[in-house]
Amino acid sequence: MEMNPARRTVLRGAGSLGALSALVLAGVLKPTAVYAADWNKAAFEAKDTAGALKGIGAASTSESKDLMLKVPDIAENGAVVPVDVTCNIPKTSSISILVEKNPSPLCAHFEFANGAVADVSARLKMGQTSLVKAVAKADGKFYTAQKEVKVTVGGCGG
Amino acid sequence: MADPMKIRAQIKGDVAEIRILMGHPMETGQRKDAAGATVPAHFIQSMTVDVAGKRVVDGQIGTSVSRNPVFGFKMKGAKAGDKVVVNWVDNKGDKRTDEATVA
């Protein structure tokens, strides 16, 4: 029988992952000691906005005028869409950015400390015309702002 | 090893603006190459910004961030000469640390 090397690699990968999580469970390895283990997989791999919001702990959100989302009305190139989020709500501790219609809506999540101003700019990929949503956490509560960006050429298919 | 980041930190009024350009392909895992094979996902997952030895931004990012990511942050209380250290780690475990000085 012919061996399928790709399948072997997948199985081996799965085996070592299993062993790793067993170590984590056993308390031998603290998750923080493992590379990128603190990456919020559930939130980033969620396929819809509700799942992504749940992943970052934002079960209920309210709209706020003090959370400002700057995006272009029309993006000619969906591969590079500039966004700028500023939150003037006191005690803002984090800002997340989502693109509702992307295959995985959550784009980025930033936690601020030690004098950081709740203001972030970034460049996003957008597959199609979609609402862009900013979520800010301030004093334990979640606030949102959203705006539609029309995309003329998508940035996900390449 | 990935290309060095470009980091600029400048004081403007009472805040310091920190701009970071990272050189990274940010492959989503959904794109196909010319031969029709799926290009495996390869993207930065976490990044941090430390100024004068203190963690200022702790970020996690996904595949929806553009290729060669650019980020801008602002902070209060930074002084000229403070050291800015930026770190990133991607989904393959590649990482990069670069430094700049607040001007």
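The values are calculated or read from the model by the stated rules, or taken from the named source; none is laboratory data. Computed from a prediction, not measured in an experiment: that's the story for all the values here. Ideal geometry is used to build each Cβ from the backbone, glycine not excepted, and the neighbour counts take in all protein chains shown.
Some values worked out for this structure:
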| quantity | calculated |
| --- | --- |
| Some residue of the stretch A:121-129 being of a type outside the set (D, E, K, R), buried (at least 24 other Cβ atoms within 10 Å of the Cβ) and not in a strand (DSSP E or B) | yes |
| Among the candidates A:V83, A:V135, A:V117, residue that is closer than 21 Å to B:K74 by Cβ, touching a His at 6+ places or on another chain (Cβ under 9 Å) and hydrophobic (A, V, I, L, M, F, W, C) | A:V135 |
| Those residues of the stretch A:76-101 which are buried (at least 24 other Cβ atoms within 10 Å of the Cβ) and at pLDDT below 95, in sequence order | A:G78 |
| Residue ID - nearest to A:N40 (Cα to Cα), chosen from residues in the stretch B:65-103 that are in contact with a Leu (Cβ under 7 Å, 6 or more places away or on another chain) and surrounded by 17 or more Cβ atoms within 10 Å (Cβ to Cβ) | B:V65 |
| Residue in the stretch A:65-72 that is farther than 18 Å from A:V132 by Cα and at pLDDT 95 or above present | no |
| All positions within the stretch A:93-120 that are in a strand (DSSP E or B) and at the interface with chain B (Cβ under 8 Å from one of its Cβ atoms) | A:V99, A:L106, A:C107, A:A108, A:H109, A:F110, A:E111, A:F112, A:A116, A:V117, A:D119, A:V120 |
| Exclusive hit being exposed (fewer than 15 other Cβ atoms within 10 Å of the Cβ), touching a residue at least 12 places away in the same chain (Cβ under 8 Å) and either within 10 Å of chain A (Cβ to nearest Cβ) or in contact with a Cys (Cβ under 7 Å, 6 or more places away or on another chain) (or both), set B:G62, B:G53 | B:G53 |
| Boolean, A:A75 is touching a residue at least 40 places away in the same chain (Cβ under 8 Å), more than 19 Å from A:A138 (Cβ to Cβ) and over 17 Å from the mean Cα position of the chain (by Cα) | yes |
